Amino acid sequence: MLKAIGSPNKVVQTLGYPSAPVLYHWRKKYPEYYDVPNQKHWIQAPTELKHTIIKRCLIKGEPVKLVAKEIGYTLSLIYRWIRKYREKAVIIDALKNKYSLPDLLKKLNLAKSSYYYQKNYLCRG
């Protein structure tokens, strides 16, 4: 359930037990039931890595599952990065009449090419 939900607190709320520390203890004690070896925490991910992974998945078309396994992060985390990336393009679209595009791109830490890629994707979808 922890793997599916991703949040120890949500698992505890859903099941009504155990506590988050106990859940982490179980995960460490029984790794065979949580089959993501050496899973890294999202805080460890530098921005450059996130951008590289997003480009691999969205622009180069590499399967997210393969990339996640290779770098040791979960699928849900990579999908979260992609979602944030797309949200930035939507925010820029909403504000570009009020602020300059270069200023928005700089403020949101998004490359111009990435913005136009996402804008094109959103227009198709």
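Only one residue in Ile53, Ile59, Ile43 is under 29 Å from Arg86 (Cβ atoms) and modelled with pLDDT of 80 or more, so which one is that? First the steps, then the outcome.
Details: Ile59 fails: modelled with pLDDT of 80 or more; Ile43 fails: modelled with pLDDT of 80 or more.
After ruling out the rest, the residue left standing is Ile53.
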Single match in Lys96, Lys119, Lys107 (criterion: open to solvent by 80 Å² or more (accessible area, probe 1.4 Å) and more than 16 Å from Cys57 (Cα to Cα))
Lys107
Residue within segment 23-39 that is assigned to a helix (DSSP H, G or I), β-branched (Val, Ile, Thr) and at pLDDT below 80 present
no
Is it true that some residue in segment 71-82 is modelled with pLDDT of 85 or more, open to solvent by 80 Å² or more (accessible area, probe 1.4 Å) and out of contact with any strand residue (DSSP E or B) (no Cβ under 7 Å at 6 or more places or on another chain)?
yes
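The values are calculated or read from the model by the stated rules, or taken from the named source; none is laboratory data. Everything numeric here is computed off the predicted structure, so don't read it as measured data. Cβ sites come from the backbone with ideal geometry, for glycine too, and all protein chains shown count toward neighbours. We work out accessible area using only protein heavy atoms, side chains counted, and drop any ligands, DNA or RNA first. Shrake-Rupley method; radii C 1.70, N 1.55, O 1.52, S 1.80 Å.
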